[in-house]
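One structure is given here, and the rest of the page talks about it.
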Amino acid sequence: MAIVGLGNPGLEYVDSRHNLGFWLLDKFAEKFNLKFERLTGFSSLVSKFIRSGKNIYLIKPMQFMNHSGRELQKIFPLLSVSGEETLIIHDELDLPLGAYKMSNRKGPGGHNGVSHVCECLGYLPPRLRIGVSGVRKPGTTLSEFVLSPFSAEEKKYLNKQLPLFTQSILHFIDLGLDKAMNLINLKPKIL
């Protein structure tokens, strides 16, 4: 099973909206005292643990977001990971800040990183979409907005939502996609 966080490598992107997938995997790993390591021959950072009798891989493809699919296409066979056993975590402009939804068989919705994953894998894995929508300064392009950092207030709010995001990942691992979607998508998404 794989939990994949999408983001961009480099210090200049660490706090950006587009790196929400990396941020959440880092927080998840921190909570469970897990460490990321680079796999030999790959650019991804990977952490492995066992839960519910399953090998779980946290994966951060360390290529730019819009090229993440190629790395996943190479690494999934090595880790014996399939589509239904994968959860992609990414930022979502169509949801308010901190809102979240688990989706399956839903199109990429204009998210280029998700589109590339779908193109390279030949299918679109289930996704945990986390809202990053906020106040956009006039004249700011969409690209500039998603690459912009969260404000201190927004970061505080995301940290407040963190237990819900973490629980969503655990539901996916422990209960499977269908039960996780039923629990996650039917309950309030904002604290």
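Residue by residue, here is whether (1) on the phi > 0 side of the Ramachandran plot; (2) of a type in the set (A, V, I, L, M, F, W, C); (3) assigned to a strand (DSSP E or B); (4) within 17 Å of the chain's Cα centre (by Cα) holds:
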residue: 46; (1), (2), (3), (4): no, yes, yes, yes
residue: 59; (1), (2), (3), (4): no, yes, yes, yes
residue: 88; (1), (2), (3), (4): no, yes, yes, yes
residue: 92; (1), (2), (3), (4): no, no, yes, yes
residue: 125; (1), (2), (3), (4): no, no, no, yes
residue: 130; (1), (2), (3), (4): no, yes, yes, yes
task = Output the qualifying pairs, or none if there are none: Cβ atoms under 7 angstrom, residues six or more apart or on different chains, first residue in region 66-91 and under 21 Å from residue 169 (Cα atoms) and of a type in the set (S, T, N, Q), second residue modelled with pLDDT under 95 and outside any loop (DSSP other than H, G, I, E, B).
result = 68/113; 68/116; 68/117
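Can you tell which of 115, 103, 151 is among the hydroxyl-bearing types (Ser, Thr, Tyr) and either at positive phi or out of contact with any helix residue (DSSP H, G or I) (no Cβ under 9 Å at 6 or more places or on another chain) (or both)? Talk me through it step by step, then tell me what you get.
Working: 115 fails: either at positive phi or out of contact with any helix residue (DSSP H, G or I) (no Cβ under 9 Å at 6 or more places or on another chain) (or both); 103 fails: either at positive phi or out of contact with any helix residue (DSSP H, G or I) (no Cβ under 9 Å at 6 or more places or on another chain) (or both).
Only one candidate qualifies: 151.
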query = In region 108-143, which residues are without any contact (Cβ under 8 Å) to a residue 60 or more places away in the chain and of a type in the set (Val, Ile, Thr)?
reply = 135, 140, 141
Filtered residue count, region 34-44, keeping only those that are among the hydroxyl-bearing types (Ser, Thr, Tyr) and either surrounded by 12 or more Cβ atoms within 10 Å (Cβ to Cβ) or on the phi > 0 side of the Ramachandran plot (or both) = 2
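Answer with yes or no whether residue 146 is within 16 Å of residue 19 (Cα to Cα), touching an Asp or Glu at 6+ places or on another chain (Cβ under 8 Å), at pLDDT below 90 and surrounded by 15 or more Cβ atoms within 10 Å (Cβ to Cβ).
On the way: within 16 Å of residue 19 (Cα to Cα): yes; touching an Asp or Glu at 6+ places or on another chain (Cβ under 8 Å): yes; at pLDDT below 90: yes; surrounded by 15 or more Cβ atoms within 10 Å (Cβ to Cβ): yes.
In short, yes.
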query = Is one or more of the residues making up region 171-187 in a helix (DSSP H, G or I), without any contact (Cβ under 8 Å) to a residue 24 or more places away in the chain and of a type in the set (Lys, Arg)?
reply = yes
remark   = Going through region 7-33 in order, the residues found to be touching a strand residue (DSSP E or B) at 6+ places or on another chain (Cβ under 9 Å) and not in a helix (DSSP H, G or I) are 7, 8, 9, 14, 15, 16, 32
query = What's the number of the condition residue 73 fails, among (1) modelled with pLDDT under 85; (2) more than 16 Å from residue 21 (Cβ to Cβ)?
reply = (1)
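The values are calculated or read from the model by the stated rules, or taken from the named source; none is laboratory data. Note that the structure is predicted; figures quoted are calculated from it, not measured. Using ideal geometry, Cβ is built from the backbone for each residue, glycine included, and neighbour counts are taken over all protein chains shown.
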